Amino acid sequence: MAPDNTLKRILMIEDEPDIRTVAELALEAIGGFELTACESGQQGLEQIGECRPQLIILDVMMPGMDGPATLKAIRRLPDYATTPAIFMTAKVQTDEIQSYLAQGAAGVIPKPFDPLALADQIRDIWNQARAIG
């Protein structure tokens, strides 16, 4: 199978329905991506095999399994051990961002995000992650 050179499939794990709705519009209608949106880390883990994401977007603060715990669980899946992941959060102090990057995130997108710029932000982070990886 040839490597996927163009980002198409994204898995988003976000517990806030309003944010999922805005992100779906931003990423599918504006960005042209295939988005699978899940409301919990557990649901994301259940659906990851089906949607086969090239990129994962995680909310940091979620009930139950938070974003960092979900990313750790995803990293234990051999097919997704190196899939680029982005944390989306309102907690964007410099030390918080460094902590997310240290946990294996390819980037951090602050909330509230700009729906019109979201697809480009994600593409930029994905391209940088691929250039490094």
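So which residues in segment 63-79 are open to solvent by less than 40 Å² (accessible area, probe 1.4 Å) and of a type outside the set (A, V, I, L, M, F, W, C)?
Of everything in segment 63-79, those that are open to solvent by less than 40 Å² (accessible area, probe 1.4 Å) and of a type outside the set (A, V, I, L, M, F, W, C) turn out to be G67, P68, T70.
Take segment 107-131 and flag every residue that is open to solvent by 40 Å² or more (accessible area, probe 1.4 Å) and of a type outside the set (D, E, K, R).
P110, P112, P115, L116, Q121, N127, Q128, A131
Tell me the residue from I125, I97, I109, I86 that is modelled with pLDDT under 95 and not in a loop (DSSP other than H, G, I, E, B), please.
Only one candidate qualifies: I97.
In segment 4-18, which residues are more than 24 Å from A69 (Cβ to Cβ) and either open to solvent by 80 Å² or more (accessible area, probe 1.4 Å) or among the hydrophobic types (A, V, I, L, M, F, W, C) (or both)?
Of all residues in segment 4-18, those more than 24 Å from A69 (Cβ to Cβ) come to 4-8.
Those that are more than 24 Å from A69 (Cβ to Cβ) and either open to solvent by 80 Å² or more (accessible area, probe 1.4 Å) or among the hydrophobic types (A, V, I, L, M, F, W, C) (or both): N5, T6, L7, K8.
Does D95 count as open to solvent by 30 Å² or more (accessible area, probe 1.4 Å) and without any contact (Cβ under 8 Å) to a residue 12 or more places away in the chain? Walk me through how you get there before you give the answer.
On the way: open to solvent by 30 Å² or more (accessible area, probe 1.4 Å): yes; without any contact (Cβ under 8 Å) to a residue 12 or more places away in the chain: yes.
Considered against the rule, which asks whether it is open to solvent by 30 Å² or more (accessible area, probe 1.4 Å) and without any contact (Cβ under 8 Å) to a residue 12 or more places away in the chain, D95 comes out as yes.
With respect to Q93, determine if the residue is touching a Gly at 6+ places or on another chain (Cβ under 7 Å), over 21 Å from A129 (Cβ atoms) and not basic (K, R). Working first, answer last.
Numbers: touching a Gly at 6+ places or on another chain (Cβ under 7 Å): no; over 21 Å from A129 (Cβ atoms): yes; not basic (K, R): yes.
For Q93, the condition - touching a Gly at 6+ places or on another chain (Cβ under 7 Å), over 21 Å from A129 (Cβ atoms) and not basic (K, R) - is not met.
Would you call G32 over 13 Å from A105 (Cβ atoms) and either within 13 Å of the chain's Cα centre (by Cα) or without any contact (Cβ under 8 Å) to a residue 12 or more places away in the chain (or both)?
Considered against the rule, which asks whether it is over 13 Å from A105 (Cβ atoms) and either within 13 Å of the chain's Cα centre (by Cα) or without any contact (Cβ under 8 Å) to a residue 12 or more places away in the chain (or both), G32 comes out as no.
Could you list, in sequence order, the residues of segment 3-18 that are touching a residue at least 12 places away in the same chain (Cβ under 8 Å), over 24 Å from T82 (Cβ atoms) and among the acidic types (D, E)?
Filtering segment 3-18 for residues touching a residue at least 12 places away in the same chain (Cβ under 8 Å) gives 4, 7-17.
From the residues that got through so far, the ones that are over 24 Å from T82 (Cβ atoms) too are 15-17.
The answer is D15, E16.
Hey, T21 hits all of (1) without any contact (Cβ under 8 Å) to a residue 40 or more places away in the chain; (2) crowded, with 16+ Cβ neighbours inside 10 Å; (3) within 22 Å of R123 (Cα to Cα); (4) not aliphatic (A, V, I, L, M) but one; which does it fall short on?
Against the list (1) without any contact (Cβ under 8 Å) to a residue 40 or more places away in the chain; (2) crowded, with 16+ Cβ neighbours inside 10 Å; (3) within 22 Å of R123 (Cα to Cα); (4) not aliphatic (A, V, I, L, M), T21 comes up short only on (2).
The values are calculated or read from the model by the stated rules, or taken from the named source; none is laboratory data. Being a predicted model, the structure only gives us computed values, none of them experimental. Virtual Cβ from ideal backbone geometry, glycine too; neighbours counted across all protein chains shown. Each accessible area value is taken on the protein alone, full model and side chains, heavy atoms only, with ligands, DNA and RNA left out. Shrake-Rupley method; radii C 1.70, N 1.55, O 1.52, S 1.80 Å.
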